[in-house]
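Working notes for the structure below.
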Amino acid sequence: MKFIDEFRDRELAYGLAAAIGRAAQPQRDYHFMEFCGGHTHAIARYGVGDLLPVNVRLIHGPGCPVCVLPIGRIDMAIRLAMDEGVILCSYGDPLRVPASGGLSLLRARAALAGGGEIRMVYCAADALRLAQENGQRQVVFFAIGFETTTPPTAVVIRQARALGLRNFSVLCCHVLTPAAIASILESPEVRQWGSVRLDGFIGPAHVSTIIGSRPYEFFAAEYRKPVVIAGFEPLDVMQAILMLIAQVNSGRAVVENEFARAVTRAGNRKAQQMVAEVFELRRSFAWRGLGELPYSALRIRREFAEYDAERRFPISYQAVPDHPACECGAVLRGARRPQDCRIFGSVCTPENPVGSCMVSSEGACAAHYSFGRFADAKVAP
Amino acid sequence: MTSVRKAYGRPLDLRQGRVEMMHGSGGRAMAQLIDELFASRLGHPHPGQGNDAAVLPAVVGRLVVSTDSHVVSPLFFPGGDIGCLSVNGTINDVAVMGATPLYLAAGFILEEGFPLADLVRIVDSMAAAAAAAGVPVVTGDTKVVQRGRGDGVYITTTGVGVVADGEDWSGDRARPGDGIIVSGGIGEHGMAIMAQRESIGFAAEIVSDTAPLHGLIAAMRASGADIHVVRDPTRGGVATTLNEIARQSRVGMMLRESEVPVQPQVAAACEFLGLDPLYVANEGRLLAIVAAADAERLLAAMRAHPLGRHAALIGSVHEDAQCFVQMSTTLGGRRIVDWLSGDQLPRIC
């Protein structure tokens, strides 16, 4: 496949692996966090870890939109379908995330008795189309994701207004990447106790196409952490690791852009304007694993209030504690590895996920379970 | 027959007509539907036609029976439809046991309001597939459910075949050292369906691979290779089928990603939707596990058959108490190829 195979080439991978091996100084080790679930997935799926020297460690970050969604938010979506009888549509990933009362959106769908429906859509535009096709029904789009999925949500809200649709609204759960990075850098594990060592970040790919590379400059300057924005292909990740090692070795901490084929410093201005027109910052938003973070998420502006499901329907966010044995929170902060969790692979599996990190293929636990757990079992083929 | 048909009065309107509740009620309308739509197309001259069951001649060897229900949506897709799918799918389930498929039985659940013209297309397609495979449909059943209680049409087919003594292909016979062969490009059926279902207009059409495999399997048997397991990787794809075999045989497997045949348009569609072709359904492919020494001979025999032209040796079996199916990736790393959990969900970003 053109423009894909080039970034998965074995020879180039071995060449990069050798370069990383030469660059990594044997007397020290390197701890890099890949922020995005897309990177986590690529690393696990292609076995990138196998090509790295033992003193280069990758720590999974919180950049999996499904993983950081707190239970209470899923509960709101379920309530909309069950109590309000709406057609709730959602991307595929959130459907299996465990919510309160042993439910998930999928289980709720199986149990739906009233007029409500839960449907999977591939894009925000599909949700809008559902509303057009079902004029007499209320259709709610469960909008989740980081900055990548936010502009499409802004587009459909604008379109809904232009079309004068009265039966379409959005349950907005869009969150912001820089707030999550700041929260990790401010966490006691990183700042005080030093139990999580972070020497740099592999910066988001798709998110950065929207927000640009500039928002990360603060982290490089203020926290002295190098950031290399990388594409989601395995060679991108390896190249970024090589660049991070070079920065660490020379004591630099700047933002570099490996994903220059898609990311600019300023990002996608048009998308940013559209997002700013429709959304505003929430004062605070609860993240799974990271807790309440100030100004870390978006809500729909008053001008578009009639498209805001939180205003249209009598639902509100109720905090629900995570399962006591689940370590998703610590995994999302980089403080624990999936296999360190007591219930990983025993109680908590992709078939019966306890925590959100076991749900999405981008979640650290699911990625390790599905692609990497042979390494824990010491198999020697 | 002729005298009965007169009793119906007007013939069925196969162009504009629709399935009605009375077509399943056991009365004259049902008899007419069976006569004019099913029996005339699928009809097979065997003793006892028109009775409650088919009576078939005695066979030599052990009987193999398999049944499979088909609920595919959409009913018509590039490369096939639910009709030929229901014939090929069950023939394959019988054939992968090393058996020669002999007969099929077909049960239809029709939804009230379903266009008879579509039903004719489906039954014609079944008849063509059955004739091409040389495996007749010898008995059947029709039920009608109320509008909204079905998806147009569901078809359950049961296949009967015969296998010679000494032919013992079974999922528990994979042994360390064995080679793993796939008969062609993977994921074509599943992606053809998905592209239709989601109305995703891919520029290059993906065509379902649905096909009866017993001819290919006969060629494999004739090669004399020491075959241990044959299975068709339908739902859950190659990954899930290999995991089933690994668990049954208590062995591990190692695949080489670079050897797994995937058509470029399938790879691209999977890439686009965030799916892994290893987990996408096939309807005309098989996996064979064969003694290492015979792998090349079997591969050559398969490649000489039209349905095995793109057969490839994709990996090998080894000892592993954990029964992991692993893969060395194109990049040179290693990963697990796990069971499919739930449906494959598209990734969102």
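Values for this structure:
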item	result
Size-normalised alpha-carbon gyration radius of region B:179-336, reference 2.2 N^0.38 Å	1.02
For region A:223-269 and region B:193-261, distance of Cα centres in Å	40
Coordinate range along principal axes, alpha carbons of region A:243-381, Å, largest first	61, 47, 25
Whole-number percent relative contact order across chain A, with pairs defined as alpha carbons under 8 Å at least 6 apart	22
Rounded Å value of the spacing that divides the Cα centres of region A:305-339 and region A:28-95	13
Cα principal axis extents for region A:120-193, largest first, Å	56, 20, 19
Residue-span extension gain [B:Asp124 to B:Ser170] - 0.36 nm each, minus C-alpha spacing	13.2 nm
Cross-link partners of A:Lys225 among aspartates and glutamates (Cα-Cα below 20 Å; sequence separation of 8 or more within a chain)	A:Asp29, A:Glu34, A:Glu186, A:Glu189, A:Asp199, A:Glu217, A:Asp236, A:Glu256, A:Glu258
DSSP-assigned coil residues among chymotrypsin sites (Phe, Trp or Tyr not before Pro) in region A:128-230, each with at most 14 further Cβ atoms within 10 Å	A:Trp193
Proximal aspartates and glutamates to A:Lys270, defined as alpha-carbon separation beneath 18 angstrom and excluding residues fewer than eight positions away on the same chain	A:Glu147, A:Glu280
Descending principal axes extents, region A:48-166, alpha-carbon based, whole Å	60, 36, 20
For chain B, alpha-carbon Rg relative to the globular expectation (2.2 N^0.38 Å, N residues)	1.07
Rg/Rg_ref, region B:9-163, where Rg_ref = 2.2 N^0.38 Å and atoms are Cα	1.03
Hydrodynamic radius by Kirkwood, which averages 1/r over all alpha carbon pairs of the protein assembly as shown, in angstrom	28.1
Relative contact order (percent, whole number), region B:8-124, Cα cutoff 8 Å, 6+ residue spacing	41
Cα convex hull volume per residue for region B:265-349 (Å³)	148
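Every number in this text was worked out from the coordinates using simple rules, so none of it is lab data. Fair warning: this is a prediction, and the values are worked out from it, not measured in the lab. Here Cβ is always computed from backbone atoms with ideal geometry, including for glycine, and neighbour counts include all displayed protein chains.
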